[in-house]
Amino acid sequence: MTMTPDKASAFQLGQDALDREHQGQIDLLQAVETELGGAGDTARLAALLDQLIEYTNIHFMSEQVEMRQQVYPGLPAHEAEHDQLMEQMRDFQQRIASGERTLDAADISTLRDWVLRHIRSKDAAFAEYLIDNT
């Protein structure tokens, strides 16, 4: 399922910085999905996956810094979920780099679903906290 601009906007939380970063994640996921659906160039896919992982890591760090600054009580659970995804993504990346497996549509679907579910739940709760407490 490729994310259209209308569907992507449904994940905006009304927090400009978070929304921009989430859009960056969605854009990279779409780029990986598009490449996979096209020629599927292995080097290009690997580079896009690397970008997605690095971008996601930076986004998570940024989000966690803001949570600490705002003394967000949900930080420990939110951070644990971030750590879990990063561990999965890096493990996935290493298995692809070693040739143990290849990237397929189901993998991208799993990543996309996780990111979108996380935005709708954990990030939405943080955005609500920001509205109520700033």
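Structure above, values below:
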quantity: Hits in the range 1-32 - residues which are part of a helix (DSSP H, G or I) and at pLDDT below 85; calculated: P5, D6, K7, A8, S9
quantity: Answer from E100, E87, E128 - the residue that is without any contact (Cβ under 8 Å) to a residue 12 or more places away in the chain, surrounded by fewer than 16 Cβ atoms within 10 Å (Cβ to Cβ) and not in a helix (DSSP H, G or I); calculated: E100
quantity: Residues of the range 44-65 satisfying the condition of being under 18 Å from H118 (Cβ atoms) and loosely packed, with under 15 Cβ neighbours inside 10 Å; calculated: E54, I58, M61, S62, V65
quantity: Candidate set from the range 104-125 (those that are in contact with a Gly (Cβ under 8 Å, 6 or more places away or on another chain) and surrounded by 13 or more Cβ atoms within 10 Å (Cβ to Cβ)); member that is farthest from P76 (Cα to Cα); calculated: A125
quantity: From the options R90, R44, R95, residue that is under 17 Å from the mean Cα position of the chain (by Cα) and basic (K, R); calculated: R90
quantity: Criterion (at pLDDT below 90 and farther than 19 Å from S121 by Cα) met by exactly one of L48, L52; calculated: L48
quantity: Only listed residue being within 17 Å of Q15 (Cα to Cα), at pLDDT 90 or above and out of contact with any Leu (no Cβ under 6 Å at 6 or more places or on another chain), chosen from H82, H59; calculated: H59
quantity: Residue within the range 52-60 that is hydroxyl-bearing (S, T, Y) and in a helix (DSSP H, G or I) present; calculated: yes
quantity: Count - residues of the range 106-130 that are of a type in the set (A, V, I, L, M) and within 16 Å of L28 (Cβ to Cβ); calculated: 5
quantity: Sole residue being closer than 27 Å to L13 by Cβ, among the β-branched types (V, I, T) and touching a His at 6+ places or on another chain (Cβ under 9 Å), chosen from V115, V32, V65; calculated: V115
quantity: Counted residues, the range 11-33 - those being aliphatic (A, V, I, L, M) and closer than 19 Å to M67 by Cα; calculated: 3
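The values are calculated or read from the model by the stated rules, or taken from the named source; none is laboratory data. Fair warning: this is a prediction, and the values are worked out from it, not measured in the lab. With ideal geometry, Cβ positions are generated from the backbone for all residues, glycine too; neighbour counts draw on all protein chains shown.
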